[in-house]
Amino acid sequence: QVQLVESGGGFVQAGGSLRLSCAASGRTFTSYAMGWFRQAPGKEREFVAAFSKSGDNTYYAESVKGRFTISRDNAKNTVWLQMNSLRPEDTAVYYCAARPTKSPEATAIELYAYDFWGQGTQVTVSS
């Protein structure tokens, strides 16, 4: 199993930046492909960014492409989400999630593919 704990959320003005961290604990961190999702008030949880099963490629939602960057350090069992040029519509609770590497690659952007989730961290972007 993998336990995930997010941190780094907070308040920021539009155009600003935040870096979210996801600390993972478990026997085999590299057996999972990591991703980030978010859920805004009144909306369903949506895909933000993820690693491929190999960790060599990344996927991004069109709404964040060019602004957000997912990164990792396997030795530290940590995944980050660097968020730049933040917009009010980025306001949401952000969740770190872990997907088994046995999952088909096409499921990297799908909620149902992820077995483990963090508690979420609030990001609020003001106008």
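With point charges of +1 on the Cβ of Lys and Arg and -1 on the Cβ of Asp and Glu, referenced to the Cα centre of the chain, which listed residue (Ala92, Ala106, Gly26) lies farthest in the positive direction of the dipole?
The one lying farthest along the dipole's positive direction is Gly26.
Given the chain, what percent of its DSSP beta bridges are antiparallel, to the nearest 5?
Details: 38 of 42 bridges.
So the antiparallel bridges in the chain amount to around 90 percent.
To make sure I understand the rule: partners must be lysines, Cα under 23 Å from the Cα of Lys53, and not fewer than 8 residues away in the same chain. Which ones qualify?
Correct list for Lys53: Lys65, Lys76, Lys102.
Ignoring any ligand, DNA or RNA, what whole percent of the accessible area of region 9-86 comes from carbon and sulfur when the probe is 1.4 angstrom?
Here carbon and sulfur together make up 44 percent of the probe-accessible area.
Can you work out the Karplus-derived ³J(HN,Hα) for every residue in region 86-91? Use 6.51 cos²θ - 1.76 cosθ + 1.60 with θ = phi - 60°, whole Hz, and x for glycine or proline.
Taking θ as phi minus 60°, the curve returns 5, 10, x, 6, 7, 4 Hz for region 86-91.
Please report, largest first and rounded to whole Å, the three semi-axes of the ellipsoid equivalent to region 31-72, where each semi-axis is the square root of five times an eigenvalue of the C-alpha gyration tensor. If you can, show how the numbers build up before the last one.
Details: eigenvalues 82, 31, 10 Å².
Equivalent ellipsoid of region 31-72: 20, 12, 7 Å, largest first.
Thr91's amide H: which non-local residues (gap 5+, or another chain) put their own amide H closer than 5 Å, with H modeled 1.01 Å from N in plane and none for Pro or chain starts?
Long-range HN contacts for Thr91: Val125.
Give the separation of the Cα centroids, region 1-40 to region 84-116, in Å.
10
Accessible area per residue of region 1-76 at 1.4 Å probe, in Å²?
Using a 1.4 Å probe on heavy atoms only, each residue of region 1-76 averages 55 Å².
Could you give the spread of the C-alpha atoms of the chain along their three principal axes, from largest to smallest, in whole angstroms?
Answer, in whole Å and largest first: 41, 27, 26 Å.
The values are calculated or read from the model by the stated rules, or taken from the named source; none is laboratory data. Note that the structure is a prediction, hence the values are computed from the model and not measured. A quick note on method: Cβ atoms are made from the backbone with ideal geometry, for glycine too, and the neighbour counts reach across all protein chains shown. Just the protein is used for accessible areas: all its heavy atoms, side chains included, with ligands, DNA and RNA removed. Shrake-Rupley method; radii C 1.70, N 1.55, O 1.52, S 1.80 Å.
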